[in-house]
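What follows is a set of notes on a single structure, which appears directly below.
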Amino acid sequence: MSDIALSPSTLPPSALPTSAVPALQFIDVRKTYPGQAQPALRDLTLIVPRGSRTGIIGRSGAGKSTLVRLISGLETPDAGQLLIAGQDAGQLSSKARRERQSHTGLVFQHFNLLAQRTALGNVTLPLELLGVPRERREARARELLAQVGLGDFAGRYPAQLSGGQKQRVGIARALATDPDLLLADEATSALDPETSAGILELLTQLQRERDLTLVIVTHQMEVVRAATTHVAVLDAGQLVESGETRALLGHPGHEVTRALLDAHRPEVQLAPGEVLRHVNLKDLSSQTLAALAGLGARIVLAEAHPQGVDTWLALPEAQAGLLAALNLQAVGA
Amino acid sequence: MSWAEIWPLLWQATLETFQMVLPAALMAEVLGLALGVLLTLTRPGGLLANRPVNRVLDAIVNIGRSLPFIILLVLLIPFTRLITGTSIGSTAATVPLTIAAIPFVARLVDGALYSVPGGVIEAARAMGASTGQIVSKVLLPEARPALIQSFTVMLVNLIGYSAMAGAIGGGGLGDLAIRYGHQRFETDVMIATVLVLLLLVQGVQWLGDWAASRADHR
Ligand SMILES: Nc1ncnc2c1ncn2[C@@H]1O[C@H](COP(=O)(O)OP(=O)(O)OP(=O)(O)O)[C@@H](O)[C@H]1O
Ligand SMILES: [Mg+2]
């Protein structure tokens with residue numbers, strides 16, 4: 001371990017650890033797949049605070065899954081360091097790596113359940129690999145299935161479950177070994193919006209109850225907004241910005257972030273001289289509404305969620321620049 | 001010939017066929033499974049990816065499968081004698097049958113294991129499973145229906161091969177058909193033998209299909 005690389009001054013201030021040892025620390029990490037000219041990740045320096053729900057967002061090919069594969073030990077960095085709970089993941093013996101892996105939960109986009117095992121059998125698998133006796137692992141699996149709302153489905157095979165139910169089994173399986181770190185790579189991308197919301201809620205709830213560090217990979221800003229406390233934006237293998245979700249979405253500092261925010265911009269008719277702006281407000285109290293009215297803003301779309309109110313404003317072009325001030329005021333109000 | 005005469009002949013020949021085919025099938029399944037697993041693991045991108053080893057195994061399997069059984073039978077006579085102490089009889093016939101079936105099984109097993117989705121293997125790897133655990137707890141169980149099918153195909157093939165093995169004194173149904181039906185123009189025996197063979201193959205296939213579909217939860 002290099003002391004210099006670890007010194008806090010080299011880390012982005014918005015991502016400073018909340019406790020002494022962060023859950024994850026990427027230090028100048030580079031990863032190039034064999035036969036590829038461009039690295040999938042380069043010079044990645046990022047801290048994932050312990051106990052956070054951190055979103056990793058970026059366009060297709062940005063390197064999000066590569067980041068997850070590094071954390072889950074499916075790949076190792078070519079250069080730089082990845083510290084997991086302070087331990088250099090690149091320096092682990094294969095036994096220590098497997099030990100580490102058995103305490104990292106992974107949830108997949110396409111569930112990756114074993115088709116020839118029941119829900120119960122899927123959840124017991126990680127424990128079976130660790131040599132936990134049958135009775136104990138089945139008791140634990142039943143408990144977990146009940147926690148994800150599938151208490152009555154233990155004997156069903158994946159083919160007999162809906163997409164959302166399969167993902168719940170996937171989550172129960174990821175939690176079987178009582179991990180401190182849970183990784184979800186596009187865990188809701190294969191599901192309809194309502195089912196997705198349920199899965200995100202479950203992940204958030206489990207993260208709180210179990211004091212997990214949750215890493216959620218997604219290409220959808222709604223997911224980041226609905227379920228994360230922190231967010232890192234990747235583009236073309238590089239970190240473009242990171243910080244607390246509310247602050248970062250309120251003041252996107254980078255064009256890529258803005259583009260991702262605009263990805264679900266509403267279809268609206270703007271009057272001549274009006275521009276559309278997207279802001280995340282703490283609330284829509286009479287104070288906030290009055291402030292908005294003072295700017296001549298029209299609320300086009302507002303959606304409330306745990307992180308605040310997600311608002312689309314049609315603003316007079318001349319006032320668009322004042323938004324930052326308003327947003328600060330509104331968030332602080 | 002009367003039925004009273006044909007019946008004991010048929011019974012005896014059927015037993016001999018089983019005596020040749022069953023031990024050969026079991027041994028070939030064990031060895032072919034091992035070879036098939038090695039083929040899958042050493043593939044490029046596999047868990048134990050190793051191109052040279054994979055090439056060599058692949059070549060052995062291909063040669064084994066392209067060699068006509070009747071030639072293998074003759075080529076293996078010294079080897080058979082070495083192992084069983086004789087080169088005639090059903091015990092002796094088991095040796096070439098086993099050898100012929102191994103590459104056949106290996107290829108089918110390789111195909112069956114290859115069809116296990118990569119995501120499932122990745123999930124197991126991410127749980128910290130060792131290669132041995134991935135084979136025993138993921139690859140083989142997930143491919144079970146296809147493995148049962150491949151065992152069935154192998155059995156049917158061995159029943160066919162066993163008729164040829166009869167030519168070196170292995171006995172069995174094929175031998176009976178040739179000795180009586182063909183050489184002595186006993187058409188009744190010929191027809192009865194063919195019927196028994198047909199029933200045997202149908203029965204094995206039906207049983208295999210049933211077992212495979214029962215084992216499949218997809
Ligand atoms: N196994 C691999 N071999 C070679 N190149 C790969 C491999 N996996 C990913 N890549 C490349 O690495 C880059 C990053 O891929 P990655 O899967 O991490 O992106 P992503 O952000 O997860 O994208 P998506 O949103 O489409 O899932 C891409 O250019 C991709 O083509
Ligand atoms: Mg991806």
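Values quoted throughout were computed directly from the atomic coordinates according to the rules given, and no laboratory measurement underlies them. Small disclaimer: the values here were computed from a predicted structure and weren't measured. Glycine also receives a Cβ, built like all others from the backbone with ideal geometry; neighbour counts cover every protein chain displayed.
Which whole number gives the average count of other chain Cβ atoms within 10 Å of the Cβ atoms across peptide B:118-125? Don't skip to the end; give the middle numbers.
Numbers: counts 1, 6, 8, 1, 6, 15, 5, 6.
Across the residues of B:118-125, the mean count of other-chain Cβ atoms within 10 Å is 6.
Distance between Cα centroids, the range B:81-145 to the range A:232-270: provide it in whole Å.
After rounding, the separation between the Cα centres reads 51 Å.
Once the mean 1/r over all distinct Cα pairs of the range A:59-178 is inverted, what Kirkwood radius in angstroms do you read off?
Numbers: mean 1/r = 0.0647 Å⁻¹.
For the range A:59-178, the Kirkwood estimate is 15.4 Å.
For the range A:223-279, take the alpha-carbon Rg, divide it by the Kirkwood Rh, and send me Rg/Rh. Could you put the intermediate results ahead of the total?
On the way: Rg = 12.9 Å, Rh = 12.6 Å.
With Rg and the Kirkwood Rh in hand, the quotient comes to 1.03.
Relative to the compact globular guide of 2.2 N^0.38 Å, what is the alpha carbon radius of gyration of the range B:131-218, as a ratio?
Values: Rg = 18.0 Å, N = 88, 2.2 N^0.38 = 12.1 Å.
With N residues counted in the range B:131-218, Rg over 2.2 N^0.38 Å equals 1.49.
What residue among A:Q38, B:Q202, A:H254 has its Cα farthest toward the positive end of the dipole of the protein assembly as shown, where the charges are +1 on Lys, Arg and -1 on Asp, Glu, each on the Cβ?
Working it through, the farthest residue towards the positive pole turns out to be B:Q202.
Per-residue HN-Hα couplings for the range B:194-203, Karplus 6.51 cos²θ - 1.76 cosθ + 1.60 at θ = phi - 60°, whole Hz, x for Gly and Pro?
4, 4, 4, 4, 4, 4, 4, 5, 4, x
So who's got an amide H within less than 5 Å of the one on A:G296, skipping anything under 5 residues away but keeping other chains? H placed 1.01 Å off N, in plane.
Under 5 Å from the amide H of A:G296: no residue qualifies.
Tell me, what ³J(HN,Hα) does each residue in the range B:79-85 have, in order and in whole Hz, if you take phi through Karplus 6.51 cos²θ - 1.76 cosθ + 1.60 with θ = phi - 60° and put x for Gly and Pro?
5, 4, 4, 4, 7, 9, x
Divide by every residue of chain A the summed helix terms, -39500 (n - 2.57) for each DSSP H run of at least 4, and state the resulting mean residue ellipticity at 222 nm, rounded to the nearest 500 deg cm²/dmol. List each step's numbers first, then the result.
Details: 12 runs with 117 residues, N = 333.
Only helices count here, giving -10000 deg cm²/dmol.
Can you pull the one-decimal nm distance between simple spin-label points at A:L284 and B:S136, each 7 Å off the Cα toward Cβ?
6.0
What per residue convex hull volume, in Å³, comes out for chain A when only alpha-carbon positions are used? Don't skip to the end; give the middle numbers.
Working: hull volume 52.5 nm³, N = 333.
Considering the Cα atoms of chain A, their hull volume per residue is 158 Å³.
In whole angstrom, how far apart do the alpha carbon centroids of the range A:148-202 and the range A:40-76 sit?
Centre-to-centre distance over Cα atoms comes out at 21 Å.
Peptide A:107-120: average number of partner chain Cβ atoms within 10 Å per residue? Don't skip to the answer; put the middle values down first.
Numbers: counts 1, 5, 1, 4, 3, 9, 4, 10, 9, 13, 5, 1, 0, 0.
Shielding by partners across A:107-120 averages 5.
Find the eigenvalues of the gyration tensor of the Cα atoms of the range B:40-100, then list the square roots of 5 times those eigenvalues as equivalent ellipsoid semi-axes, largest first, in whole angstrom. Display every interim value, and only then the final one.
Values: eigenvalues 197, 27, 15 Å².
Over the Cα atoms of the range B:40-100, the semi-axes work out to 31, 12, 9 Å.
Between A:H230 and residues 5 or more places away or on another chain, which pairs have amide H atoms under 5 Å apart, with H built 1.01 Å from N, and which residues are they?
A:R53, A:T54, A:G55, A:T245
Given Cβ point charges of +1 (Lys, Arg) and -1 (Asp, Glu) and nothing else, what value in debye, to the nearest 20, does the dipole of the range A:70-194 about its Cα centre take?
Numbers: 14 positive and 15 negative charges, 110 e Å.
So the dipole magnitude of the range A:70-194 works out to roughly 520 debye.
Take every DSSP beta bridge whose two residues both sit in the range A:159-248, then give the antiparallel share in percent to the nearest 5.
Details: 6 of 11 bridges.
The answer is about 55 percent antiparallel.
Would you mind getting me the FRET efficiency between A:A139 and A:D178? Use the beta-carbon distance for r and R0 = 22 Å, nearest 0.05. Don't jump to the answer; show the numbers that get you there.
Numbers: r = 13 Å, r/R0 = 0.61.
According to the calculation, E is roughly 0.95.
With N denoting the number of residues in the range A:188-259, provide Rg(C-alpha) divided by 2.2 N^0.38 Å, to two decimal places. If you can, show how the numbers build up before the last one.
Working: Rg = 12.8 Å, N = 72, 2.2 N^0.38 = 11.2 Å.
Ratio of Cα Rg to 2.2 N^0.38 Å: 1.15.
Taking the Cα atoms of the range A:20-92, report the difference between the largest and smallest coordinate on each principal axis, in whole Å and largest first.
Principal axes ranked by extent give 38, 28, 19 Å for the Cα atoms.
Which ³J(HN,Hα) values in Hz, rounded to whole numbers, follow from the phi angles of the range A:218-223 under the Karplus curve 6.51 cos²θ - 1.76 cosθ + 1.60, where θ = phi - 60° and Gly and Pro get x?
Coupling constants for the range A:218-223: 7, 10, 10, 5, 4, 5 Hz.
Order of A:170-183, A:120-133 by packing, highest average Cβ count within 10 Å first? Before the final figure, lay out the partial values.
On the way: A:170-183: 23.2, A:120-133: 20.6.
My ranking of the peptides, most packed first, is A:170-183, A:120-133.
Relative to the longest principal Cα axis of chain B, at what angle does helix B:90-114 sit, 0 to 90 degrees, rounded to 10?
The angle comes out near 30 degrees.
Skipping prolines and chain starts, which residues have an amide H placed within reach, meaning under 5 Å, of the one on A:H305, given they are 5 or more residues away or on another chain?
Correct list: A:D310.
Among A:H254, A:H110, A:H230, which one moves the most in a GNM of chain A with springs linking Cα atoms closer than 10 Å?
For chain A, modelled as a Gaussian network with Cα springs under 10 Å, the answer is A:H254.
With r defined as the distance between the Cβ atoms of A:A79 and B:V153 and R0 fixed at 41 Å, what FRET efficiency is calculated, to the nearest 0.05? Walk me through the numbers before you get to the answer.
Details: r = 50 Å, r/R0 = 1.22.
The pair A:A79/B:V153 has a calculated efficiency of 0.25.
Have a look at the DSSP beta bridges in chain A and tell me what percent are antiparallel, nearest 5.
Details: 33 of 52 bridges.
Antiparallel bridges make up about 65 percent of those DSSP assigns within chain A.
Once both axes come from the Cα atoms, what is the angle between helix B:3-42 and the longest principal axis of chain B, in degrees from 0 to 90, rounded to 10?
20
Using a Förster distance of 51 Å, how high is the FRET efficiency between B:W3 and B:N62, based on the Cβ-Cβ distance and rounded to 0.05?
On the way: r = 46 Å, r/R0 = 0.91.
With a Förster radius of 51 Å, E is 0.65.
Would you kindly work out the equivalent ellipsoid of chain B from its C-alpha gyration tensor and give its semi-axes, the square roots of five times the eigenvalues, largest first in whole Å? Walk me through the numbers before you get to the answer.
Numbers: eigenvalues 289, 83, 28 Å².
Ellipsoid half-lengths, sorted descending, are 38, 20, 12 Å.
Go ahead and set up a Gaussian network model of chain B, Cα springs under 10 Å, then flag whichever of B:V156, B:V37, B:V116 fluctuates most.
B:V116
What is the Cα radius of gyration of the range B:43-147 over 2.2 N^0.38 Å, N being its residue count? Numbers along the way, then the final one.
Numbers: Rg = 17.7 Å, N = 105, 2.2 N^0.38 = 12.9 Å.
Cα Rg divided by the expected 2.2 N^0.38 Å: 1.37.
Report the Stokes-Einstein translational diffusion coefficient (µm² s⁻¹, integer) for the range B:88-136, Rh taken as the Kirkwood radius over Cα pairs, at 4 °C with viscosity 1.567 mPa s.
On the way: Rh = 13.3 Å.
In µm²/s, the coefficient rounds to 97.
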